[in-house]
Amino acid sequence: MEMNTRWTANGRVLMHVTFWLCIVVFLTTLFEVEGPGFKAAFNTVMMLLPVHVVYFYTLSYVIIPKYLYTRKFLQLTLCFVLLAVGCVLMYRIIEILFADPYFFKEMRKLNPDWKWQKIKGTFLEQLTNMEYLIHGLEQSNSVVWIALVIKFFRMWYERKQVALQAELNFLKSQIHPHFLFNTLNNLYALTLNQSPKSPEVVLGLSDILRYMLYECNADYVSLKRDVVIIQNYLTLEQLRYGDRLDLNFSIKGTIADQRVSPLLMIPLIENAFKHGASEITEEAWINIDLDVDAYQLKLKVSNSKPSQPIERDAACGNIGLQNLKKRLELMYPETHRLTIYDEEDMYLAILQINFGTVPYLATTTEREASFDSGHMATIFSKTKTSRSWK
């Protein structure tokens, strides 16, 4: 935590230093036009730079947090006006005493006959000259407001990211208990019958829990690892339904470096069991086809439907699917497609995800241990009758 805080602080300092360096280069370039040269322009800018720095940091880190964030708008306006007037006067004083005489001196070296109306008159006459006061107001505010626009845009972006992350975490917090609840139901059904398969269910459940607790906090995980969890879940379901379920799970393509948001495919698979196998007493079937390449993931999940659909409470029966749609919109905007077909005797869901916007972060170990199937790999195949779909 301390190391992360230190890196964040160092990054912030570097960002501020970079900004002021860019400002110095920009202003020096402007002063150099028809001026006495780069060195003289740079020195002039550096004389006036403290005004910009004091103006920005006082406004950004003192006045705005103290009055804008607390909605004290009258105090905000008053303090801003006083600060602006003070910085304009400071800007003009530095110009009159240091910057303008230096600039005039350097220009006279190039042209001894060069005259400058700006430096004529006494100190008080120059300070109260409205033309140069307005010019000083423009110069002192221009840099500050550029910096403030950048700051507010960055704050808006960071808050947007925090809000998106909070929404994702909320969706995950709903999906994980929902997933766990269904798995525990499987274990409960087996223990009621004192099934010898219960220890196998517990082992599979422990791996699923480990994945949910320690790996699903990341935005993206290894696709291979996510598929392993699907396999564990299907194993638990197969143990639960036994011979009355025709379950087929196949993988086509190579799973290697791809990354995916965790538990995106599970809601579709859960729905196939919940609204298919659990409602049919005989000859229930589920087909799951995962087609993967370097650029895209395509998941097809189809299941049989009962001849007489069971009435369900719509308020609590569709949590997983609704969360899936929201997560897809947040994690894969414009790069996913979810299509659902609700036919008379079959339910089909097709999920397509483009990997183009997802970072590939798989390690060498993951690559070496990855699935490597150039042809169709059938993971689950328990066929009693021939059923297929495209």
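Values in this text are rule-based calculations from the coordinates and carry no lab data. Everything numeric here is computed off the predicted structure, so don't read it as measured data. Neighbour counts run over all protein chains shown; Cβ positions are idealised from the backbone, glycine included.
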Open item on the list: Using the Cα centre of segment 2-128 as origin and beta-carbon charges of +1 (Lys, Arg) and -1 (Asp, Glu), tell me which of ALA41, PRO101, VAL81 is placed farthest towards the positive end of the dipole.
Closed with: VAL81
- [ ] List, in the order given, every pair from LYS160/LYS274; LYS224/LYS300; LYS224/LYS305; LYS66/LYS151; LYS160/LYS298 whose Cα-Cα distance in the structure shown is over 24 Å.
- [x] LYS160/LYS274; LYS224/LYS305; LYS160/LYS298
Task: Two-site FRET efficiency, LYS120 against ASN10, from Cβ-Cβ distance with R₀ of 45 Å, rounded to 0.05 - done: 0.40
Task: For segment 2-128, radius of gyration divided by Kirkwood radius, i.e. Rg to Rh on alpha-carbons - done: 1.09
TODO: Binning at 10 Å from 0, report for segment 69-141 what percent of all alpha-carbon pair distances ends up in each bin.
DONE: 18, 39, 25, 11, 6, 2
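Let me check I've understood the local charge: for HIS16, count other residues with C-beta under 12 angstrom from its C-beta, Lys and Arg +1, Asp and Glu -1. What total comes out? Before the final figure, lay out each step's value.
On the way: positive: ARG12, LYS151, ARG154; negative: none.
Cβ neighbours under 12 Å give a net charge of +3.
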